[in-house]
Amino acid sequence: MELYQYIIIITVLLLIAIAIVKGNKKDFKIELNKLVEYLGGKENIIDTEVNMSRFKVTLKDLTKVKKDAIMKLGARGIVEIDNQLKIILGSNAKQLKKYIDDLK
């Protein structure tokens, strides 16, 4: 085979891979809306912090939080301390903080 044929094959494979990744990716803005709702709404959120993959949120009322729903959205863990939740979200933690800061 000649070089241009290899280039065409590689290009087609890359396009297929990109289509698969985009098809599997969730609409993150909708997920952020749900996460804020599961935290009791923006009115329930007092303060937020991000430390690498951890999202720390201080809340007015922890009873409004739906931890099971947050876990189903992809959180890897939740730790509750007083009126704070530390949620392990991975790379999405910074995006969530920015989204909540923009809501306020």
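Name every residue in segment 17-56 that is assigned to a helix (DSSP H, G or I), open to solvent by 50 Å² or more (accessible area, probe 1.4 Å) and at pLDDT below 85, in order of residue number.
Matches in segment 17-56: ILE18, ALA19, ILE20, VAL21, LYS22, GLY23, ASN24, PHE28, LYS29, ILE30.
Looking only at segment 59-104, count how many residues are touching a residue at least 12 places away in the same chain (Cβ under 8 Å), touching a strand residue (DSSP E or B) at 6+ places or on another chain (Cβ under 9 Å), surrounded by 14 or more Cβ atoms within 10 Å (Cβ to Cβ) and not in a helix (DSSP H, G or I).
9
The values are calculated or read from the model by the stated rules, or taken from the named source; none is laboratory data. Keep in mind it's a predicted model, so treat the numbers as computed, not measured. Cβ coordinates were reconstructed from backbone atoms using ideal geometry, including for glycine residues, and neighbour counts include every protein chain displayed. The protein model used for the area step is the full one, side chains on, heavy atoms only, and it has no ligands, DNA or RNA in it. Shrake-Rupley method; radii C 1.70, N 1.55, O 1.52, S 1.80 Å.
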